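First up is the structure itself, then whatever we jot down about it.
The values are calculated or read from the model by the stated rules, or taken from the named source; none is laboratory data. Predicted, not measured: the structure shown is a model, and the values here were computed from it. Here the Cβ is made from the backbone with ideal geometry for all residues, glycine too, and neighbour counts use every protein chain on show. Accessible surface is based on the protein model in full, side chains and every heavy atom, while ligands, DNA and RNA are left aside. Shrake-Rupley method; radii C 1.70, N 1.55, O 1.52, S 1.80 Å.
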Amino acid sequence: MFSFKAVIRKPILDSMVLRHYQKNLCLVATFFLFLLCLTLPTIQYFSDYITTKVAIRSLKISPSVDQHAEELTHEEAPLPKDPCSGRLIYIHDLPSRFNHELLRNCKNLSHWFDFCPYLKNHGFGPVLNDTGDFISEGCWYATNQFMLSVIFHNRMKQYECLTNDSSLASAIYAPFYAGLEIGQHLWGAFNNSVRDAMAQDFTKWLRGRPEWRVMLGWDHFFVSGRITWDFRRLSNPEANWGSKLMSLPEAKNMTMLTIESSPYGKNDFGIPYPTYFHPSSDAEVVEWQDRVRRQKREYLFTFSGAPRPNMTTSIRGELINQCSNSTRCKMLSCLRNDFCSRPLHIIKIFMQSDFCLQPAGDSYTRRSTFDSILAGCIPVFFHPGSAYIQYLWHFPKNYTKYSVFIPMSGIKNGSASIEEVLSEVPEEDVMTMREEVIRLIPKIIYAKKKLEKFEDAFDITIKNVLERIEGARRQIREGKDPDNEFPEPTKVDEETHLPCSGRLIYIHDLPSKFNQDLLRDCKNLNKQVDFCLPLKNHGFGPVLNDSGDFTSGGSWYATNQFMLSVIFHNRMKQYECLTNDSSLASAIYAPFYPGLEMRRFMKGGFKCSVRDAMGQNFVKWLRGRPEWGVMLGWDHFFVSGRITWDLRRRTSPFGNWGTKLLELPEAKNMTMLTIESSPYGKNDFAIPYPTYFHPSSDSEMVEWQERVRREKRQYLFAFSGAPRPHRTGSIRGEVISQCKSSSRCKLLSCVRNDLCNRPDNVIKVFMKSDFCLQPTGDSYTRRSTFDSVLTGCIPVFFHPGSAYVQYLWHFPKNYTKYSVFIPMDVIKNGSGTVEGVLSQIPEDVVMAMREQVIGSIPKIIYAQKKLEKFEDTFDITIKNVLARIKGARRLIREGKEPGNEFPEVLSWKYYLTGKLERHEWDSFFKT
């Protein structure tokens, strides 16, 4: 498509070359003519090169084709490499309304101040004459952060490989000052048609040019001069910020260079904000680097900025508080003073500190990031969008080389102290990081002109723009669409490896009736039990102060088994990769407490319409949110807090029971986390019941595991529970009878006493036994399973639905490693005894199984906060939810429906084995 000129010229040029050879070699023997024929492919290759050379040189002197052909025959004359090969750029001569007229109208460019002074010196702004301690006079300017389009245009005029022939160009630059233009209309009573007029005019002008038709804009680039969000106005008719430039079809093909890009935009690329330092020689750069390197730093960290009280998610207030309360922090407040508008004052402050805090402001990024690098101050980021996924061409991909990352959630919830984190960085690491930062200085500045030794931000940008356009050109030649290189939402994952890459979660701010109002009405959640006590300590319940033999005080709670939705919500608030921008999220969490809500209507003769009302209201609210429309709920998840059957009235084996939440069409797309899932449900996934142990550190975990490991066990097996005489299929009666008949069994009867309601009593009984029996109760599963694992007591199951097809994310798939399976028919028909089976297991096998169980303890508990070494239930669950949603997203992109991989009634089999073949447990799950 794009090589048609070369295709036409090749035969013409080849003919000319051959005529030249025939004229000069007519007396050469046939043997040499034969050799010449063999070399024709090589000659044709070089003829392409000559064609390009002639075209490139045509602006000066055009050597004849004969002269070039003669050069090719001279074996000792190597072909010179053209320094502009693949680097030629053509600059559009745009109408002045797109650039120079904006500069002439500089007094109206800003609603807040006069922009005219900043246009001086080709956009660098006024010279800073009071440089004082700064080495190189004439290199420092009061540069405005939004002047990049003007600065870049001036450097483009000096670019060494410009061409006036667009057909020769590798790239085409359109010098539209989009940022200055839209800056006039960001504030004030302008309607959207006014905001969009110039952008539409710009793309219309380009579309009418012959250069556009060559690659439909894929070879075009421009510099916005502002953040990308100023050009990505939402399609919502009520949205009134910025223009829709980047949403126009033509703009989607061009490359936009911006001081902040969108993580979900394919064609906008972040390049450094302009700093105050604009050297004109390598010597000035080296001189400044040495000055920074010698600087003595008296503060550990510094922050320059103002709070954002109107932004509820901002951590600036917390940073200011931490800095103000530390003797090792230098605070430069930008509230009601002009210190932050004095460039030299900022640089001097930053030069006094080892680390400079760079929280998000009105958007992800800050010019301050580049001020800190210029001062040799190691930047500290709190969101990956502030640098790591922005300046991919200018910063190392390994962000630990030049910066520190502290998740903003740790600052927001008070679990992270900046001073403590930074104090723990070894001195040699600080020195290494600072040296890396100093090496970055040339890469983030815009020099007055091209430097000899260093590549500055302009050079690096142009190099990468040319590579990107060449890649698009190559794909078009191969018949591919450059737009299909990767899906827009995965740009972050494709290009970076960050702590939160692919892990960002957005939390819906649900109306309080779905959660907090239920907690306030705790006395009415259960007619038999006061639910207010279990709600204490974020759902963990009252602290067990009489822990006695239990090692770690403050880690044990009287936790109700139905408190999981509250516990999970609290941990979600502490999650290290939260985002307030749903468009960045890999998953969306809806903190609805359906288990607590339906608990109010379990008894008392309530109509189904009453039971279903809140669930229907919940999905209706979600359906009305813009987040829902992205994947129709496939990226949403919530925690039920009860067994799945309480929310599946239509298919529940218990008849007229519970709500029909999980039978609603919207709920079928979401992921529900529940303490017991349905073997026949695709979208509900079982996660462990909450236990009584909630440690806050790795040491408490290890301490408990060692305590369990040392325990001497005097019983072969134990059972804690009550019979189910009304359930004909229950084997609890037989289990209790066998336990009573054996001197090797410890029975904790839960009939007419409160022994089973005392956590310490249950734990102590289980710790005395090798095996703990876990028959089905009112449903497949029991909280007792996790009590037994917590105590190192090997669980014995009688139905695969009690664990093996339930907790696939948390237990090994090879169930023989951690448990014993005795089919319930063996107990029911009396063909075997529990003692008979368990006593035949060799001691070394018992020890190995117990060690596996002890190793599983961290995986089945809900810690008070994220542990350092161990992954707890919450961590494992979130990891698998994200993986499941990622899989659904992939299927949707492939044009497939996520729910059609397998029949729903065979969900247990597919999730367990990945196959739908016959299985030994088919008889347990008849459909």
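Starting from the exponent 0.38 and prefactor 2.2 Å, build the expected Rg for the stretch 336-439 from its residue count and divide its actual Cα Rg by it.
Working: Rg = 13.6 Å, N = 104, 2.2 N^0.38 = 12.8 Å.
Against the empirical 2.2 N^0.38 Å value, I get 1.06 for the stretch 336-439.
Accessible surface of the stretch 355-459, 1.4 Å probe: 48 percent of it comes from carbon and sulfur atoms. Entry comment: accessible area of the stretch 573-703 is 32 Å² per residue, from protein heavy atoms only and a probe of 1.4 Å.
For Glu424 and Ser737, compute 0.36 nm times the residue count separating them, minus their Cα-Cα distance, and round to one decimal in nm. Present the calculation step by step, with values, prior to reporting the outcome.
On the way: separation 313, 0.36 × 313 = 112.68 nm, distance 5.97 nm.
Result for the pair: 106.7 nm of gain on full extension.
Explain nothing, just the number: dipole magnitude of the chain about its Cα centre with +1 on each Lys and Arg Cβ and -1 on each Asp and Glu Cβ, in debye rounded to the nearest 20.
Numbers: 117 positive and 102 negative charges, 552 e Å.
About 2660 debye.
Relative contact order of the stretch 176-296: 23 percent, from C-alpha pairs under 8 Å at least 6 residues apart in sequence.
Could you look at the stretch 113-261 and say what percent of its accessible area is carbon and sulfur, using a 1.4 Å probe and all protein chains?
Numbers: 2890 of 5670 Å².
Ligands and nucleic acids excluded, carbon and sulfur reach 51 percent.
Provide, as a two-decimal number, the C-alpha radius of gyration of the stretch 83-154 over 2.2 N^0.38 Å, N being how many residues it has. Mind showing how you got there, number by number?
On the way: Rg = 15.6 Å, N = 72, 2.2 N^0.38 = 11.2 Å.
Cα Rg divided by the expected 2.2 N^0.38 Å: 1.40.
At 1.4 Å probe size, what's the solvent-accessible area of Glu478? Round to the nearest 10 Å². Approximately 110 Å² for this residue. For the stretch 287-339, the spherically averaged projection of the C-alpha convex hull amounts to 5.2 nm².
Three semi-axes describe the equivalent ellipsoid of the stretch 182-317; taken as square roots of 5 times the Cα gyration tensor eigenvalues and ordered largest first, they are 35, 25, 13 Å. With a Förster radius of 41 Å applied to the beta-carbon distance between Asp509 and Ala283, the computed FRET efficiency rounds to 0.15. Taking label points 7 Å from Cα along the Cα-to-Cβ direction, Trp241 and Asp290 give a separation of 4.6 nm. Looking at the stretch 601-700, what % of the alpha carbon pairs are farther apart than 22 Å? Summing the P(r) tail past 22 Å for the stretch 601-700 gives 37 percent. From most to least packed by mean Cβ count within 10 Å, the peptides 737-747, 436-446 give 436-446, 737-747.
Could you give the length gained on full extension between Leu533 and Leu632, defined as 0.36 nm per residue of separation minus the Cα-Cα distance, in nm? Show your work: numbers first, answer last.
On the way: separation 99, 0.36 × 99 = 35.64 nm, distance 3.76 nm.
So the extension gain works out to 31.9 nm.
Here, the stretch 653-749 has an Rg and a Dmax of 19.8, 54 Å when only alpha carbons are counted.
For the chain, what is the mean residue ellipticity at 222 nm derived from helices alone (per DSSP H run of n ≥ 4: -39500 (n - 2.57); sum divided by total residues; nearest 500 deg cm²/dmol)? Numbers along the way, then the final one.
Details: 32 runs with 328 residues, N = 927.
Here the helix-only value at 222 nm equals -10500 deg cm²/dmol.
Annotation: the antiparallel percentage among DSSP beta bridges lying fully within the chain is about 5. Straightening the chain between Asn310 and Arg918 buys 212.9 nm, computed as 0.36 nm per residue apart minus the Cα-Cα spacing. Taking packing as the residue-averaged number of other Cβ atoms within 10 angstrom, the listed peptides 578-589, 614-625 run from highest to lowest as 578-589, 614-625.
Provide the packing ranking of 402-414, 285-297, 683-695, 590-602, i.e. peptides ordered by the mean count of other C-beta atoms within 10 Å per residue, highest first. Don't skip to the end; give the middle numbers.
Numbers: 402-414: 20.2, 285-297: 15.6, 683-695: 24.9, 590-602: 23.2.
Put in order of decreasing packing, that is 683-695, 590-602, 402-414, 285-297.
With Cα atoms as the point set, the radius of gyration and Dmax of the stretch 830-880 evaluate to 16.5, 49 Å.
Across the chain, Cα pairs under 8 Å and at least six residues apart give a relative contact order of 7 percent. Per residue, the stretch 115-235 exposes an accessible area of 38 Å² to a 1.4 Å probe, with every protein chain left in place.
Dimensions of the stretch 290-384 based on its C-alpha atoms, expressed as ranges along the principal axes with the largest first, amount to 41, 27, 26 Å.
In whole percent, how big is the carbon plus sulfur part of the accessible area of the stretch 807-927, probe 1.4 Å, protein atoms only?
On the way: 3220 of 6490 Å².
C and S atoms contribute 50 percent here.
Within the chain, the percentage of alpha carbon pairs spaced more than 35 angstrom apart rounds to 63%. Of the whole protein surface, Phe339 contributes about 80 Å² of accessible area at a 1.4 Å probe radius.
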